[in-house]
Structures are given as structure tokens and as C-alpha cells.
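Data first, discussion second: the structure below is written as C-alpha cells.
Every number in this text was worked out from the coordinates using simple rules, so none of it is lab data. The structure displayed is predicted, hence computed values, not measured ones. Cβ coordinates were reconstructed from backbone atoms using ideal geometry, including for glycine residues, and neighbour counts include every protein chain displayed.
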Amino acid sequence: MSLLEIDGLSLEIHGEPILRNVSMQVEPGRVLGVIGESGSGKSMTAFSVLQLLPNGSQCRGSISLAGQDILSASEADLCSIRGRVAGMVFQEPMTALNPLQTIGAQVAETILVHERVPRSEALVRAADALRRAELPPEKFPLTRYPHELSGGQRQRVVIAMAIALRPKLLIADEPTTALDVTTQAQILDLLKRLVVEEDMGLMLISHDLAVVADLADDLVIMRSGEVVESGPAHGLFRKMKHPYSRALLEASGHVPERNSAAQEQALLRVSNVIREYQTHTHGWWGRVAQVRAVDDVSFEIRKGESLGLVGESGCGKSTLTRAILGLEEIQGGEILLDGTPVVSHHRVNRDVRRRMQVVFQDPYGSFNPRWRVDRLITEPFHLLDGPPAGAERETAIVEALESVGLSADDSRKYIHEFSGGQRQRIAIARALIIKPDLIILDEAVSALDVSVRAQVLDLLAGLADRFGLTYLFISHDLSVVRSITERVLVMKSGRIVEEGPTDSVFDKPHHAYTKQLVAAAPVLPADVA
């Protein structure tokens, strides 16, 4: 008998169909990968298992978990099942954790909710759960708060909460989306180890086939609330039948076409740049220490070139980006655009700054939700001495939107009316509107579905050919960097440890850190259809 069996599940929310005749099952000790793009229904299927659905939801069909009928269970029974029989790992650990409680208290709370045990015993068991999640209390005391941990460590705390009561089923909803490749590999290895050691069933939800390729025993591919294909993972990868499955597979390895070639002349030259911070070693009143976030970094980007910058969180990528844009003061070295300093006499050179723009990782967070698109994408006009007005302004807005595949009518809408991919197009339009020479893309496609990511990469390649743009592409996703850049820099602990042509660096890395990154990157099986 299956641990989890979903048969003919249909879901409506306020009469709107969300899921249609969904069937899948999870066996003890096996991993089920549920793959699909945003809106495919994969998360709603997971929420249906635990009945964590919004008001107005109505389910039909059947869900059996460890022999218990979920759809007929009372709320009291469901409260007993959540955490004890099935645990859940959510996509964003910082929002899943309480910033005002220690990690020990939050893991212990899972135990105290379900069992009448002394708090001291709950804390001992919390320490054990954190140890099983590879956060040993001797290195990560129970008294730490979430903000004192890295993204991967916070995700381990969420996993510890989910496994504290040793549930039979673990549901992991996009558990590695925003993580570095090495941290992502560690989290996936941890989940696999827990499945083996605890004989748990794992339902792993992801939008990326490559992430689950080495982990899943079985696969379910969903689209628009329906299962379009399912079966054993190895066989499914070798012979995908449904056009949507094959489209996802092709998008995972998509390489955009680019026709223009880089010039010999350097556009941006970074020479021996140093950026240091002061920090307190033990709280606000502790000893002051110097932290060198960027340590003697030098490189150049040629006109028309796409240069990749890769490295884990904390390596200094974002600090270096802010320094290039004149948003961070540097303690040594110089940054020149076409031979002119970005910062002169402690002031940003506006003539230089207007020639550089940035596209951020989270477009929704980088926009004011109260402004319409026309006002959002004209923000860079403040860098111009004579910003366009009237009909000239409207023409610039329309040209920017149409250049990224949107329409003039979109200028009157608000940002919440667009999908994630459309928001990123709007962010690119904002960067383009003052016709810069250099665009810095900071994790600009890391959170997008693979097909949307492929579309945005094609868009960027086309814009580079059309407008002669130069890109600095910052990402932790090596497959993205490989597909769109000619050269790559590898950054670790504030220093550039390796650089060269992208294919050469990734195919034959020399530095041990680069080898570690390449080995950790998820890849599709070599014999896929």
C-alpha cells in the first residue's frame, strides 16, 4: 500500500477550477518529483494533502495518507497529522521562520504542539532534529536567531522543524530555488539521506527538471492543474512523450543565439578594487574588526561582451556590483567606464552613471507597487540633464516596452497585474529606456520557470545584438551563465580565483573552488531523449 495516494483529485476555489483529475502516489523510502511551471498546480496539490487551502476551496476525489482519508478528516485529525505524519518544507525559509524566536524554540514548538512533554525535553529533541539536519548544536547553538544564519542554514532549520517528529512523509516545495549551487547540492543530499535513513517518502516539488534528475525515483509533470505525464524517472527522462514535457526539457538546456561579437576595446575596467567594512565581533559593543568584502579585484569588460560573474552568497559579487554603480565607496583601486572614473572626489559622475543600469533579482521588490508601469520604467530619467517630456516621453515609454515584447497599453497597468516573466521584462525596459552601454544583471532569471527563463535569455541576446549592449551577468546558476556569456569570472571570499572563456572554465576548471561549483551544479542525465 502506498504511503500517499492521490486519486482523481479535483480542486475548485470559489468555483474556479484549479486541479483536474490529479493522480499520483508516494512510496516509503522513495522520492516523487513533481515538476511544472508556476500555475501548474503542483503546490496546490501539496497543500491539498495537508488541507492547507484557502477559504472557498472544495476538493473532490480521494487523498489517502498512511491509510487515513484526508478529505473526510476533521480539523482536529488534520492538526494531528500535520507535522506528525507529514512534514512540510516551504520555499522561502525566512518567511517560514519567526524572526523573534530562536531556532531551538521554533523546532521545539513543533514537538510541544503535538506532545505533552517538558520544555527541556523538547529542546533536547530539537537539538537532535537540528543535528540530523546537519546543524550540530555545538556549532549552531539553539539560541541563535534566523537572521544570524545563511540561506542554506535557515533552510536546514525548516527541515529540522519538518522532521522533528519523524514523519512518514516529507513534502518539500521548491526547497532550493534561491540557493547557491553548492548549498543546493547539500540540501538535496540531506533530503536524500533522510529518505534513506528514516524510510520516509519525499514529495519534491520543483520547476527545474535538472534539480530533481539525480534525486527522484518517480516523476509527475503537471501543466494547468493536470498531470500530463508520469512514470519512473529514468524511463521518463529517456523517452518523454508529451510535447509539454519535451518543451520543459529543451528549455532547461536552452542556449540563446547571439550574432554580434565583442570589440577589442574595453568598456569597463576594474583595477585593484578593495572594499572593506567595519563589524563588531560580539554584538554592538564588541571588538571592531575589518572585513574585506572585495579584495584586490581586477578585470575588464569589452564593448559588446557578456561577462559572467559566479560565486556563492557572501563571496562579494553584490558588493562589487554596488561599487561599479557608485553605490559603495571603495578603499583602493579604481573603476573606469570608457576611461572615466565612476566616482570622482567622492561623488558619482552622472555622465558615467547614466551609461550603466541594473536589473535586479526580484523585479516585484524593486518596483513601487503604487506606481503605474509608465512611471516605473521612467525612473532612470532622473540621471538625464534634460529628461524627455510630453510626446517625447510617451514615445520613449512605448519604444522601451515594445523592445522587450510588451505593448503600449501595458504602460497604464500596475506591477501586480503581470506575471514574474513580464515583470522581469518591465525591469529590463526600465534599464533600457535611457539607452545605457552596460547593463548589470544581478540574478535576473534565477527565480523564473525554465521556459520563461529561456524567453528572457533570448530577449537579452536579441537586445544585445540590436542595441550593442554589454552585460555583466551575475548568477549562481552555472547553466544560465554558460548559455549567455563569452567569459566568466569565479569569485570566492572577495577575490577572483579563476577567469577565462566560459566553456573552458566550466569544462576544465583549474581552481579547486571552481571544480566544487561545477561538480555541484545540477545536470540532466546524459541519455535523455
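Among Asp449, Asp362, Asp465, a tally of other beta-carbon atoms within 10 Å of each Cβ gives an order, fewest to most, of Asp465, Asp362, Asp449. For the chain, the mean residue ellipticity at 222 nm estimated from helices alone is -10000 deg cm²/dmol, where every DSSP H run of n ≥ 4 contributes -39500 (n - 2.57) and the total is divided by all residues, rounded to the nearest 500.
In the chain, the inverse of the mean reciprocal separation of distinct Cα atoms equals 25.1 Å; this is its Kirkwood hydrodynamic radius. Relative protection proxy for 71-81, 420-430, 12-22, from highest mean packing down: 420-430, 12-22, 71-81 (other beta-carbon atoms within 10 angstrom). Under the shape rule built on the C-alpha gyration tensor, where the axes satisfy a ≥ b ≥ c, the stretch 1-74 is oblate, since a/c reaches at least 1.5 while a/b does not exceed b/c.
3J(HN,Hα) along the stretch 295-306: 10, 6, 8, 9, 5, 9, 10, 7, 4, x, 8, 10 Hz, from the Karplus curve 6.51 cos²θ - 1.76 cosθ + 1.60 with θ = phi - 60°, whole Hz, x for Gly and Pro. Need one word for the stretch 61-120: rounded, prolate or oblate. Basis is the Cα gyration tensor (sqrt eigenvalues a ≥ b ≥ c); a/c below 1.5 gives rounded, then a/b vs b/c decides. It is oblate, given that a/c is not under 1.5 and a/b is not larger than b/c. Close amide H contacts of Gly33 (hydrogens built in the peptide plane, cut-off under 5 Å, sequence separation of 5 or more or a different chain): Leu204, Asp217, Asp218, Leu219, Val220. Placing +1 on each Lys and Arg Cβ and -1 on each Asp and Glu Cβ, with no other charges, gives the stretch 8-116 a dipole about its Cα centre of roughly 160 debye.
The lysines within cross-link reach of Lys435, meaning a Cα-to-Cα straight distance under 22 Å and a gap of 8 or more places when in the same chain, are Lys303.
Note on the chain: antiparallel DSSP beta bridges, both residues inside, total approximately 60 percent of the bridges counted.
The Cα trace of the stretch 362-435 gives Rg and Dmax of 11.3, 34 Å, the first to one decimal, the second as a whole number. Long hydrophobic helices in the chain, taken as whole DSSP H segments with a C-alpha length of 15 Å or more on their own axis and mean Kyte-Doolittle hydropathy at least 0.0: 103-114, 151-163, 181-198, 450-467.
Think of the chain as having a plus end and a minus end, set by charges on the Cβ of Lys, Arg, Asp and Glu; of Gln51, His511, Ser411, His511 sits farthest toward the positive end of this dipole. Straight-line cross-link reach from Lys239 at under 23 Å between alpha-carbon atoms covers these lysines, not counting any fewer than eight positions away in the same chain: Lys42.
What does the charge count around Phe299 come to, taking other residues whose C-beta lies under 10 Å from its C-beta (Lys +1, Arg +1, Asp -1, Glu -1)? Net of charged neighbours comes to 0. Under 1.5 on a/c is rounded, so check that first for the stretch 96-166, then, if it is not, pick prolate when a/b is larger than b/c and oblate when it is not; a ≥ b ≥ c are the square roots of the alpha carbon gyration tensor eigenvalues. Here the stretch 96-166 falls in the prolate category.
For the stretch 220-229, 3J(HN,Hα) computed residue by residue from phi via the Karplus equation (6.51, -1.76, 1.60; θ = phi - 60°) reads 10, 10, 10, 8, 6, x, 10, 7, 9, 6 Hz, glycine and proline entered as x.
Residues whose amide H comes within less than 5 Å of that of Leu309, counting only those at least five positions distant or on another chain, are Phe473, Ile474, Ser475, Leu489 (H built at 1.01 Å from N in the peptide plane).
Taking the fewest neighbouring Cβ atoms within 10 Å as the starting point, the ordered list for Thr321, Thr45, Thr177 is Thr177, Thr321, Thr45. Annotation: the residues Arg156, Arg495, sorted from fewest to most other C-beta atoms within 10 Å of their own C-beta, follow the order Arg495, Arg156. Partner aspartates and glutamates whose Cα lies under 16 Å from the Cα of Lys139, excluding those fewer than 8 positions away in the same chain, are identified as Asp128, Glu148.
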